[in-house]
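Enquirer: Can you read through this structure? Questions will come right after.
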Amino acid sequence: MGRKWLLVLLLIGFAMLVTAGCSKGNEKSVSQGQVNSPLNIKVLDIGQGDAILIRTAGQTVLVDTGDIGTKDKLVAYIKKEGITSIDKVIITHPHADHLGGMPGILENFKVNQIYDSGQTTTTALYRKYLSLVQSKKIPFTVVTAGTEIVIANDVKLKFFAPDKPFITTSDLNNNSIVVKVIYNEFSMLLTGDAEKESEERMVKTYKTELKSNILKAGHHGSNTSSSPSFLKAVAPEAAIISLGANNDYHHPHPSTLKKYVEAKMKVYRTDTDGTVTVSSDGKNYTITKEK
Ligand SMILES: [Zn+2]
């Protein structure tokens, strides 16, 4: 073989490597485990905290990871689903009841991308999270309000918060990532622990764009979230509250439940219903309870 051919072969090989590198973005189409509908969202029963598993035929996305004490339960749950790698993990904010399971996730699954609110804190848990992310060289993106990410044909994530400058009137909750899962006519809004200051800002900026079929109740059903103007803009048919039974914070607040009932929303809660599963074909949706 002449030198010229060798050069051509090397160039082709290099081009193939580059292409393979590019294709690991949004078009990834490796299916793992069972997905019975094009979009499946599980608000997992992991006690006091949030962990929401979103699955399409091609992608697995985890929004928050529950608290430190339920880390093994979360890992076991995801393994049981037949999942070995997670395409995207979204950490709404670095409080322990959202970030606590992350070391377990990073030690047990291949995580391809992390989306973070960009808020920092000084806890040992947060430092462990950052050092694991660095040592595993996981791509780490700080979310900006307005960003959209496609996760499957016709399924996208749209971020409404945190916006800049950060809200400083409260703690980390108010700069939580807020993300809407949109699949054609269906949508579900995941709000982390965003409180009324963040809700007011989103209503002002995004108005009717917030409208969603289902709301993951802000801050575990606390009365610091679910403000009337926000509920009016989102106008959900159902709310799912993620919380632990007999929790120390007395979540959900009776006044929040009253608002939901008055707005004729169906209310689901992980402390009494177990894991709550939402399935959609992009037009219709079903909500099923574990218990
Ligand atoms: Zn929380």
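Enquirer: For the range 209-272, what is the convex hull (Cα atoms) projected area averaged across all directions, in square nanometres?
Expert: Values: hull surface 15.3 nm².
Mean shadow area of the hull around the Cα atoms is 3.8 nm².
Enquirer: Could you tell me how many cubic angstrom of Cα convex hull volume the range 139-266 has per residue? Intermediate values should be presented prior to the final figure.
Expert: Details: hull volume 15.7 nm³, N = 128.
Roughly 122 Å³ of hull volume per residue.
Enquirer: So how do 204-211, 232-239 stack up, highest first, on mean other-Cβ count within 10 Å?
Expert: 232-239, 204-211
Enquirer: If we count every other residue with Cβ under 13 angstrom of Asn108's Cβ, Lys/Arg +1 and Asp/Glu -1, where does the sum land?
Expert: Taking every Cβ under 13 Å from that of Asn108, the sum is +3.
Enquirer: Here's another thing I want to ask about it. For a Förster distance of 51 Å, can you work out the FRET efficiency between the beta-carbons of Glu209 and Thr121, rounded to the nearest 0.05?
Expert: Between Glu209 and Thr121 the formula returns 0.95.
Enquirer: Students often check this: by mean Cβ neighbours within 10 Å, which of 180-192, 143-155 ranks highest, and how do the rest follow?
Expert: Working: 180-192: 23.1, 143-155: 16.5.
Sorting 180-192, 143-155 by mean packing, highest first, produces 180-192, 143-155.
Enquirer: Right, next: Leaving out ligands, DNA and RNA, and with a 1.4 Å probe, what % of the accessible surface on the chain is carbon or sulfur?
Expert: Values: 7760 of 13690 Å².
Summing carbon and sulfur atoms, their accessible area is 57 percent of the total for the chain.
Enquirer: Now for a separate question. Limiting things to C-alpha atoms, what are the Rg and the maximum Cα-Cα separation (Dmax) for the range 28-289, in angstroms?
Expert: When restricted to Cα atoms, the range 28-289 yields Rg and Dmax of 16.7, 49 Å.
Enquirer: Same structure, new question: By the scheme Lys and Arg +1, Asp and Glu -1, what is the net charge of all other residues having a beta-carbon under 13 Å from that of Ser131?
Expert: Summing Lys and Arg as +1 and Asp and Glu as -1 gives +3.
Enquirer: Of the beta bridges DSSP finds with both residues in the chain, what % are antiparallel, to the nearest 5? Please list the in-between numbers first.
Expert: Working: 33 of 54 bridges.
Counting DSSP beta bridges with both partners in the chain, the antiparallel share is about 60 percent.
Enquirer: Per residue, how much accessible area does the chain have with a 1.4 Å probe, in Å²?
Expert: Per residue, the chain has 47 Å² of solvent-accessible surface.
Enquirer: Mind telling me which of Ser280, Ser255, Ser242 comes out most flexible in a GNM of the chain, alpha-carbon contacts under 10 Å?
Expert: Ser255
The values are calculated or read from the model by the stated rules, or taken from the named source; none is laboratory data. Keep in mind that what you see is a predicted model, and the values were worked out from it rather than measured. All Cβ positions, even for glycine, are placed from backbone atoms using ideal geometry, and neighbour counts span all protein chains on display. When the accessible area is computed, the model is the full protein with side chains, heavy atoms only, and any ligands, DNA or RNA have been set aside. Shrake-Rupley method; radii C 1.70, N 1.55, O 1.52, S 1.80 Å.
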